[in-house]
Amino acid sequence: MTRLHDALTDIAGEAPAVDLADRAITGDRRRRRTGVALVVVAVVAVVALGAVAGTGLLPGWRDNVIAATPKDSSPSRGDGALADLPPRGVGPLSHAYKTFCHVARGVPEDCRNGEWRVVTRDGKTYHVPQALGMAGTLNSVPLAITRDGRMMAYYSREEQTFKVRDLESGKELTAPVTVAERRLRPRASLVLSDDGRHLAFTAYPAGKEPGLLIDMRAGTTTPLPSGWAPTSVADGGDPVTMVSYPPKGKAWLMPRPGGGSPVTLDETYTRFSALAPDGRSIAALGMEKVKSGGMHMDGTLAVLDATTGRTSRKVTVRGLPKDTVLLTLGAWLNRTEVTLATLPSGRIWENRQITYAVNVATGQARMLGVYTGQHPFQLVIPGAGFAG
């Protein structure tokens, strides 16, 4: 257990100064202590398996399409075996998730340890062997999907860099720069623009090297400063919306090819959204101090002006089932609703992620979809990237 203990200690040492349990499982202040404790155990179990990435991505709107829960997620063949992702002709994705074979329960059929698989909206499931899932024993490699589910970004071990694939045509774009596997640290961020052209990568928060904004069509790169995580990239690559962690939480609408000025947030927030349709606002989940001295989500959602750092409004999230655990925010569906990813319970073997649209004026939530994988912290839904 010494090596595992040392690895966990290293990860904790690299993490921002927020409560460790809150990172993975905090939400409603009324949640029972027992449920919280069980999810903490689940998180530690995932770390032991080498699954230390952030949570999934969130659904968003584009061309009147919302990434939907699949009709059926049964295997592609009747014998329990799954096909590899075809070279072309694949419909829009509902979600992707990573599989782990050496666990006590919940192992899927035709399991490939640490590998990605994808599920289409019409229920077809495929292995994605070309997408690296794990770099070493603890680094979980990210994957991203455009909000319409039609394009996917992944890391290719063969190419030693990122690729973007159009799932219908099979056409792929390869980043013009090598990204060493050692840079794929825990909590690495990968965000794909809606048109699939721009890809933002940072090794936040642990990496000291600059991140990258990659124009996959022009074959050019722009450095992104270390210590920041992207939450969205506009079509055209301008701006890149980035945030930094509490206690000195900041936001930065960085125009391409760099520049602009970061702003300090006027309160302590976590779990930031993509950029809103107004081009200047982001949503965030509120925090409060607890008796232990740490910080805890307080069940509120705020809308922040990313050009000033000021809070324009704050509401309490309403309409969620009692045992719901808040995870993170994602893309905006329209000018008044932002997406929220949650766990339906704090049970240790929970394998579902449920997304809601939250009205930022009233706090009222409405359910969008239920997504099933092997573990909800290793499940990716089309939309904006995880941050904070």
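A few comments on the model shown:
- Taking amide H atoms as placed 1.01 Å from N in the peptide plane, the amide H of Arg280 has no partner under 5 Å among residues 5 or more positions away or on other chains.
- Highest-first arrangement of 305-317, 340-352, where packing means the average Cβ count within 10 Å: 340-352, 305-317
- Each peptide among 141-147, 262-268, 127-133 gets the average number of other Cβ atoms lying within 10 Å of its residues, and from highest to lowest they stand as 141-147, 127-133, 262-268.
- For segment 329-338, putting each phi into the Karplus relation 6.51 cos²θ - 1.76 cosθ + 1.60 with θ = phi - 60° gives couplings of 9, x, 6, 8, 7, 6, 6, 10, 10, 10 Hz, in residue order, rounded to whole numbers and with x for Gly and Pro.
- The Stokes-Einstein estimate for segment 191-287, based on a Kirkwood radius over Cα pairs and taken at 25 °C with 0.890 mPa s viscosity, is a diffusion coefficient of 182 µm²/s.
- Whole-percent carbon and sulfur share, accessible surface of segment 193-255, 1.4 Å: 52
- Among the listed pairs Lys291/Lys314; Lys124/Lys171; Lys98/Lys248; Lys98/Lys171; Lys208/Lys248, those with a Cα-Cα distance over 29 Å are Lys98/Lys248.
- For segment 246-388: span of alpha carbons on each principal axis (Å, largest first): 44, 37, 28
- Sequence-distant residues sharing a close amide H with Gly383 (under 5 Å, placed H): Leu58, Ile145, Arg147
- Just so you know, the Rg over Rh for segment 114-200 is 0.94, from Cα atoms, with Rh as the Kirkwood radius.
- Where labels lie 7 Å past Cα in the beta-carbon direction, separation of Glu288 and Lys171 in nm: 5.2
- Karplus-derived 3J(HN,Hα), 6.51/-1.76/1.60, for each residue of segment 363-376, Hz, glycine and proline x: x, 5, 10, 10, 6, 9, x, 10, 10, 10, x, 9, 9, x
- Ranked by the mean number of other Cβ atoms within 10 Å per residue, highest first, peptides 366-373, 234-241 order as 234-241, 366-373.
- Alpha-carbon Debye profile of segment 219-258, log10 I(q)/I(0) at 0.19, 0.21, 0.30, 0.31 Å⁻¹: -0.53, -0.63, -1.09, -1.14
- The phi torsions of segment 169-178, fed into the Karplus equation with coefficients 6.51, -1.76 and 1.60 and a -60° offset, translate into couplings of 7, x, 5, 10, 10, 10, 4, x, 9, 6 Hz, rounded to whole numbers, with Gly and Pro shown as x.
The values are calculated or read from the model by the stated rules, or taken from the named source; none is laboratory data. Since this is a predicted model, take the numbers as computed values, not measurements. Neighbour counts run over all protein chains shown; Cβ positions are idealised from the backbone, glycine included. In case anyone asks, the SASA skips ligands and DNA or RNA and just uses the protein heavy atoms, side chains included. Shrake-Rupley method; radii C 1.70, N 1.55, O 1.52, S 1.80 Å.
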